[in-house]
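All remarks here apply to the structure that follows.
Taken together, the values in this text are just the output of simple stated rules run on the coordinates, not laboratory data. Quick caveat, the model's predicted, so the values are computed rather than measured. Cβ placement follows ideal geometry from the backbone for every residue including glycine, while neighbour counts extend to all protein chains displayed.
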């Protein structure tokens, strides 16, 4: 689906009926990474909304600045257009950073939060430098540096060996991002806020998932995030890496649905 917001085309999926669940994708991906979750959550009785963030997938990049505030405001603007006042938000990796921004700046829109394979802290100096170098390379005409850098750390070793078609599918998702999205997203991640001092303020019910073989965001980061949130639970997805929602979709779906059903019954 497509909608024009502030003269910029935004692409999104909208499936199912029931309480709204918004899925915010990771970097450098797009909404297509959520296909197993969209189908399962819609079948379980939820309205599932999955946008492409600006510059990713099929959404137009728009103008600068590129930061988590802009990404969060884009999501809110889409929900306004769709008439959704409140939702459960699910943020994966970079999507988790957007979700933290939503909790800080748009708390009334967040009924509950699920953080998948993400962290609350900011980058250290080495990480910031690396993201700057990648963004500069993209703007110099080499977007492939992002795919090359991230392809190495997204999957569990067994997935790389036994499921080359999945690895190729995710590589295609990364290649669909615009150069503006890649460079802008890298700088937005680089400059994101360290939310660790603020986590005690976020009282919404929360689920935090970590993955056993996640080399991009080690599971310990998820444990620390859950421990700092006042109303959160941490669960580990075994046998998967950073793309656990695609590597182990049944495990991820079952935990999300259990979380959503507990909210519905409370």
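When the alpha carbon gyration tensor of segment 149-211 is reduced to an equivalent ellipsoid, the three semi-axes, largest first, read 29, 20, 10 Å. Label separation (residue 5 vs residue 171): 3.3 nm, computed from points 7 Å beyond Cα along the C-beta direction. Taking the fewest neighbouring Cβ atoms within 10 Å as the starting point, the ordered list for 24, 153 is 153, 24. The Rg/Rh ratio for segment 2-265, using Cα coordinates for both the radius of gyration and the Kirkwood hydrodynamic radius, is 0.93. Among 217-225, 198-206, the peptide with the highest mean count of other Cβ atoms within 10 Å heads the list, and the full ranking is 217-225, 198-206. The convex hull around the C-alpha trace of segment 115-261, projected and averaged over every direction, spans 9.2 square nanometres. Packing around the peptides 81-88, 128-135, taken as the average count of other Cβ atoms within 10 Å per residue, puts them in this order, highest first: 128-135, 81-88. When the Debye formula is applied to the Cα atoms of segment 109-191, each taken as the same point scatterer, what base-10 log of I(q)/I(0) results at q = 0.18 Å⁻¹? Log10 I(q)/I(0), no solvent term: -0.91. Eigenvalues of the alpha-carbon gyration tensor of segment 85-150, scaled by 5 and square-rooted, set the equivalent ellipsoid semi-axes at 30, 13, 11 angstrom, largest first.
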